[in-house]
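What follows is a short report on a single structure.
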Amino acid sequence: PEAADLRALARHLYEAYLKYFPLTKAKARAILSGKTGDNVPFVIHDMKSLMEGEQFINCKQIPVPEHHQQQHIKLLYAVELRFFQSCQSRSAEAVREVTEFAKSIPGFVDLDLNDQVTLLKYGVIEVLIIMMSPLMNKDGTLISYGQIFMTREFLKSLRKPFCQMMEPKFEFSVKFNTLELDDSDMALFLAVIILSGDRPGLLNVKPIEQLQETVLHSLELQLKLNHPDSLQLFAKLLQKMTDLRQIVTDHVHLIQLLKKTEIDMCLHPLLQEIMKDLY
Amino acid sequence: LKEKHKILHQLLQNSTSPVDL
């Protein structure tokens, strides 16, 4: 394709990205570096601040089962589960945003509908993990649309297996952030992830690979223009896709473990659909 | 596949109007 077409594609995907994703990397980095004036995030660093911060997270109160009615047990028991439930609601909303973004990729909606479902099923958690990276630094992560900063130490202090959920994402994100992609690079990278022709069960791989190839060309050109001094950035970025698959596999296994061990946990129906028979 | 993924299918088929999640 002509360079002008590839630039037009990059612009189109960047516009869709800005339209569907409310918290961009530019905004997140401004919040994290304290450049938003008085608008500083509420910091959650222990159980007390978590409970104070719940009003920001807009937690739905989940009923505590009979066998946990004793007051202090109830409090300790419910807090992690309640936080997990609010994470699920946000994740479901994020899946909707990613779906709208996917539909804006030229040619995506013309693919076989079953294949659109497969691409989203396998791609959406990878996309969400990439989108989480700009919200993170080595000390913690923004949540709740940037209204809250939750410390990494606090997440590590939660009871098992909740404490194991975020640490691999921090490790990935800290490394990923050193690539210094901006929002316009991210938009193309997300489209490349969605258009992976090797997802299990795809019916018609060829048109998906053709679409991905065009977006890959556009991404390669974008990185050359936007990061002229960053050698091998395109290759480094493509390597991240392998790491991502392992993180998603581990994440799904952890959720499956949670489902077995947390008798009162209910998985959001949309996330259940995505994770069922995934890996 | 569509049957097993009703919500995803619905999100794909609907326009940008938010689905009740």
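Computed from the coordinates by the stated procedures, all read-outs in this text should not be read as laboratory data. A quick note: this is a predicted structure, and the numbers were derived from the prediction, not measured. Glycine gets a Cβ as well: all are built from the backbone with ideal geometry, and neighbour counts include every protein chain shown.
Two numbers describe the Cα atoms of region A:187-229: Rg and Dmax, which are 12.0, 40 Å.
Expressed to the nearest 5 percent, the antiparallel share of DSSP beta bridges inside chain A is 65 percent.
Please give the peptides A:183-189, A:164-170 ranked by average Cβ packing (other Cβ atoms within 10 Å per residue), highest first, as a rough proxy for protection. Walk me through the numbers before you get to the answer.
Details: A:183-189: 22.3, A:164-170: 17.4.
Descending packing order for the listed peptides: A:183-189, A:164-170.
Ordered by the number of other Cβ atoms lying within 10 Å of each residue's own Cβ, fewest first, A:LYS236, A:LYS25 fall into the sequence A:LYS236, A:LYS25. For region A:151-279, the square roots of the Cα gyration tensor eigenvalues, ordered a ≥ b ≥ c, give a/c of at least 1.5 with a/b no greater than b/c, which places it in the oblate category.
Normalized C-alpha radius of gyration of chain A, against 2.2 N^0.38 Å? Write out the running numbers ahead of the final one.
Values: Rg = 19.6 Å, N = 279, 2.2 N^0.38 = 18.7 Å.
Relative to the rule-of-thumb radius for its length, chain A sits at 1.05.
Straight-line cross-link partners of A:LYS160 among the aspartates and glutamates, defined as a Cα under 13 Å from its Cα and at least 8 positions apart when in the same chain: A:GLU80, A:GLU262.
The mean count of C-beta atoms from other chains within 10 Å of the C-beta of residues in A:112-122, rounded to a whole number, is 4. When you count the other C-beta atoms within 10 angstrom of each residue and take the mean per peptide, A:104-117, A:199-212 line up highest first as A:104-117, A:199-212.
A simple packing score, the average count of other Cβ atoms within 10 Å per residue, orders the peptides A:146-159, A:128-141, A:35-48 as A:128-141, A:146-159, A:35-48, with the highest score first. The magnitude of the dipole of the protein assembly as shown, with charges of +1 and -1 set on the Cβ of Lys/Arg and Asp/Glu and taken from the Cα centre, is near 520 debye.
For chain A, the relative contact order works out to 26 percent when only alpha carbon pairs closer than 8 Å and six or more residues apart are counted. Bridging of A:LYS25 to lysines at a Cα separation below 28 Å is possible for A:LYS35, A:LYS60, A:LYS103, A:LYS121, A:LYS138, A:LYS156, A:LYS169, A:LYS175, A:LYS224, A:LYS236, A:LYS240, once same-chain residues fewer than 8 apart are set aside. Inter-chain neighbour count for B:1-10: the average number of beta-carbon atoms from partner chains within 10 Å of each residue's beta-carbon is 6. Here the 3J(HN,Hα) profile of region A:101-108, calculated from phi with Karplus coefficients 6.51, -1.76 and 1.60 at θ = phi - 60°, is 4, 4, 5, 7, 6, x, x, 4 Hz, Gly and Pro shown as x.
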